[in-house]
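Written out below as structure tokens is the structure these notes cover.
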Amino acid sequence: MTDNRKGIFAKIKALLSKTTENGCTEHEAMAALDKARQMMDAYDVTDTDLAFDGEKVTQERVDRDPDDIRWTLCGSVAKFCDCRVWGDGASRKIVFLGLESDAMFASWLIDTLERFVKRHSLAFLADMGRAVGGETDLFGAPLNGADREHKRRSFVFGCVNRIAERLRQAAAERERVSGQSNGRSLVLVKGALVNDAFRALSLHLRTDRPRGMKADPYAFDRGRQTGDRASFGKPVNGHSNRPLAIGSR
């Protein structure tokens, strides 16, 4: 959306805020409402546009990673970010569909969570090696390349498993709270917009069930513990207008 369009939305919202509840006289409030409606007609602005600051439904595409961390997390990330998601097999891309800010947040979040999981999986292997003073596991057994990879993947599996659980729990809690507030109608409108755009694509999708694995119990548990420390807040823009990386608590 252009800066000019954003300015129009801001002016309309400012006019609509001039109500008797906000200290205006009835005459002032009616005049402001009339002016706001004139602007909405002139610039083809709907009530739905105002509710979502003129955002349209769009797609954001991200690459799949070799460990399929993003693919395993994408359904939970989409739920958390109010998006639809699917995989494009031809390009090996993950596609998020949602309002512009939601789809961009989903793309940023899944990328940052993947880096969080990878970073901590490598730190887990390093800590394990330091704890025993060499290439053995915590119980003194020799640790060859295949063992290290199995433990790393087990850690990743546990970490991703826990992050996905927490994302879905957070989405369910937000839905519960919105159901008790006036925000419920906006949630329904947003969902309808995204679902209508998804149906218009006429996609023919198939279910891709995640492959299970016989995980190393210790590494899996350490991964879940690490997944408890991942945070899901939106990026904060600094003076460089670049998002700050996600951290852990």
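The lone criterion from (1) modelled with pLDDT under 95; (2) closer than 22 Å to residue 221 by Cα; (3) open to solvent by 20 Å² or more (accessible area, probe 1.4 Å) left unmet by residue 125 is number (3). Can you work out which of the residues in region 66-89 that are more than 15 Å from residue 156 (Cβ to Cβ) and of a type in the set (Asp, Glu) is surrounded by the most Cβ atoms within 10 Å (Cβ to Cβ)? Ranking the candidates gives 82 first.
Screening 85, 62 for residues that are at pLDDT 95 or above and touching a Ser or Thr at 6+ places or on another chain (Cβ under 6 Å) leaves exactly one candidate, 62. Taking (1) among the acidic types (Asp, Glu); (2) modelled with pLDDT of 95 or more; (3) surrounded by 15 or more Cβ atoms within 10 Å (Cβ to Cβ) in turn, residue 165 satisfies each apart from (3).
Filtering region 13-31 to residues that are at pLDDT 85 or above and under 21 Å from residue 48 (Cβ atoms) leaves 14, 15, 17, 19.
Can you confirm whether residue 116 is open to solvent by less than 10 Å² (accessible area, probe 1.4 Å) and farther than 29 Å from residue 173 by Cα? The answer is no for residue 116. The residue that is modelled with the highest pLDDT, counting only those in region 226-249 that are surrounded by fewer than 14 Cβ atoms within 10 Å (Cβ to Cβ) and not in a loop (DSSP other than H, G, I, E, B), is 237. Quickly run through region 98-113 and pick out the residues that are open to solvent by 10 Å² or more (accessible area, probe 1.4 Å) and in contact with a Ser or Thr (Cβ under 8 Å, 6 or more places away or on another chain). Within region 98-113, just 100 meets the criteria. Put simply, of 41, 34, 63 the only residue that is open to solvent by 30 Å² or more (accessible area, probe 1.4 Å), at negative phi, touching a residue at least 12 places away in the same chain (Cβ under 8 Å) and out of contact with any Pro (no Cβ under 6 Å at 6 or more places or on another chain) is 63.
Entry remark, region 181-195: residues being at pLDDT below 80, farther than 14 Å from residue 50 by Cβ and part of a helix (DSSP H, G or I) number 1 in total.
The values are calculated or read from the model by the stated rules, or taken from the named source; none is laboratory data. All values reported here derive from a predicted model rather than from experimental measurement. Neighbour counts run over all protein chains shown; Cβ positions are idealised from the backbone, glycine included. Each accessible area value is taken on the protein alone, full model and side chains, heavy atoms only, with ligands, DNA and RNA left out. Shrake-Rupley method; radii C 1.70, N 1.55, O 1.52, S 1.80 Å.
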